[in-house]
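The next block holds one structure in the form of C-alpha cells; read it before the comments.
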Amino acid sequence: MRSQAGTGPALQIEGLSVSFETARGEVRALRDVTFDIGAGEVFGLAGESGSGKSTLAYAIMRDLAPNARVAGGAIRFAGEDLLGLGPDALRSIRGRRIAMVYQDPKSALNPSMRVGQQIAEVLEIHALASRSGAAARALELLALVNIPDPPAVARAYPHQLSGGMQQRVVIAMALAGDPGLLIMDEPTTGLDVTTQARILELVANLRHDVGAAILYISHDLAVIAQVSDRVGILYAGELVELAPATRLFHHPAHPYTRGLLDALPAIDLARGFRI
Ligand SMILES: Nc1ncnc2c1ncn2[C@@H]1O[C@H](COP(=O)(O)OP(=O)(O)OP(=O)(O)O)[C@@H](O)[C@H]1O
Ligand SMILES: [Mg+2]
C-alpha cells in the first residue's frame, strides 16, 4: 500500500533541539533528540508531563507555537527535510502524508457538520476523491476503524457519538490521506478504560492494515507497552532511553525508566504484554 515502504525509515529525527522564548528566559524543551521510525513501525514515546512529547509532535507537524525556535537538527520524512519546506509543500504534506490525532476528539471535529461529510471534505481538500467517490470512501474509512454501521454514523453529528466513537472518526479522518506517518498524542487519555482498550487494539491492528509509521505518545507506560515495537523515554527534553519494547520493560537501562516502571502497578504491565 505504501510506495516508500522498504526504502529506509519513514521518519528520521536527528539532533533536534527546540527552545521556547519566555518572559523568564529560554526553556529548552528538546535537547539533541535523535531517533527514527520505520514504515509500519509503532514507536512509543513516553515521559512525564513537561518532558517535551507534544513539542516533538508539533515540531514534526511544523506547527510549533510562535515563541518556539528550532535551535538545531533535522526532521526527515521519506528522506525529505521537513524543516526546509515552504508553505505550499507543507500544505500538501500536513494532514495528508503526515496526520495527527490529538487528545480531545472534539477539537478536531466540526460540531455542525455530519461526520461522513467531514471525512469526505478531507478527501476533497487533498483531491483524493471526487464528490461521489468521497462519500463512498468515507464509509470505507469508518469501517476501517471498526465503526459498526458506517452509514448511520456517517449521518450523525459529533455530539450524537460517544467519546470513543468520536476518536475513531478522528482516526478515520487522519487515515483519509493514506498517511506515511500518523502521530497520536495521548489519543486515549480522556476515554474510559474499556474504550481506551478498544482504541489501543485498533492502533495495534492499523499497523498491519495501513502500513503507516505511527508515533504513539503517552505518559502511561502500560499503554505504550501495549502498542509499541520500540520505545523512547523523554526526560526533561532528552531522549534518555531508546529500546525495543520488550527489552525496555524487562531490562531498563536508565534509572529514570526504572523509576517509571517501579511506579507502575504490576497488573498494568501484565495487561500491556497480553498482545
Ligand atoms: N508555547 C510555549 N511557551 C513556553 N514554554 C512552553 C510552550 N509550550 C511548551 N512549553 C514548555 O516546554 C516543555 C515541554 O512541553 P510539552 O508540552 O512538550 O510537554 P509534554 O511532555 O507534552 O507534557 P504533557 O504530558 O503535560 O502533555 C515544558 O516545560 C513546557 O512548559
Ligand atoms: Mg503533551
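Taking the Cα centre of the range 102-178 as the origin, how large is its charge dipole in debye, to the nearest 20, when only Lys and Arg (+1) and Asp and Glu (-1) carry charge on their Cβ atoms?
My answer is approximately 160 debye.
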- request: Rounded to whole Hz and in sequence order, give me ³J(HN,Hα) for the range 101-107 from the Karplus expression 6.51 cos²θ - 1.76 cosθ + 1.60, θ = phi - 60°, writing x for Gly and Pro.
  value: 10, 9, 4, 9, x, 4, 5
- request: Give, in nm to one decimal, the length gained when the segment between H159 and D229 is fully stretched (0.36 nm per residue of separation minus the Cα-Cα distance).
  value: 21.7 nm
- prompt: What percent of all Cα-Cα pairs in the chain falls in each 5 Å bin, counting up from 0?
  reply: 1, 6, 13, 16, 19, 17, 14, 9, 5, 2, 0, 0
Accessible solvent surface per residue of the range 102-178, calculated while the other protein chains remain in place, 1.4 angstrom probe, Å²: 47
field: Amide H within-cut-off set for V42, under 5 Å, with H built and near neighbours excluded
entry: I214, D229, R230
message: From the phi angles alone, apply the Karplus equation (6.51, -1.76, 1.60; θ = phi - 60°) to the range 45-62 and give each ³J(HN,Hα) in whole Hz, x where the residue is Gly or Pro.
response: 10, 10, x, 5, 4, x, 6, x, 4, 5, 4, 5, 4, 5, 4, 5, 6, 6
Accessible carbon and sulfur surface of the range 80-238 relative to its total accessible area, %, 1.4 Å: 51
field: Calculated from backbone phi, Karplus (6.51, -1.76, 1.60) coupling profile of the range 215-228 in Hz, x at Gly/Pro
entry: 9, 9, 9, 7, 7, 9, 5, 5, 5, 4, 4, 6, 10, 9
message: How much length would be gained if the chain were fully extended between Q117 and A89, taking 0.36 nm per residue of separation minus their Cα-Cα distance, in nm to one decimal?
response: 7.5 nm
message: Once R0 is set to 22 Å, what does the formula 1/(1 + (r/R0)^6) return for the Cβ-Cβ distance between N67 and A236, expressed as a FRET efficiency to the nearest 0.05?
response: 0.70
message: For a quick check of understanding: with a 1.4 angstrom probe and all protein chains in place, what accessible area in square angstrom does F35 have, to the nearest ten?
response: 10
- request: Give me the orientation-averaged projected area of the Cα convex hull of the range 1-127, in nm², one decimal.
  value: 9.8
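Let me know the volume per residue of the alpha-carbon convex hull for the range 102-178, in Å³. Don't skip to the answer; put the middle values down first.
Working: hull volume 6.2 nm³, N = 77.
Measuring per residue, one finds 80 Å³ for the Cα hull of the range 102-178.
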- line: To the nearest 0.05, the calculated FRET efficiency linking F20 and H254 through their beta-carbon distance, R0 being 22 Å, is 0.30
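The values are calculated or read from the model by the stated rules, or taken from the named source; none is laboratory data. On a predicted model such as this, the values are computed, not experimentally measured, just so you know. Note that we place each Cβ from the backbone using ideal geometry, even for glycine, and neighbour counts take in every protein chain shown. Ligands, DNA and RNA are stripped out before the accessible areas are found, and what is left, the full protein with its side chains, is counted by its heavy atoms. Shrake-Rupley method; radii C 1.70, N 1.55, O 1.52, S 1.80 Å.
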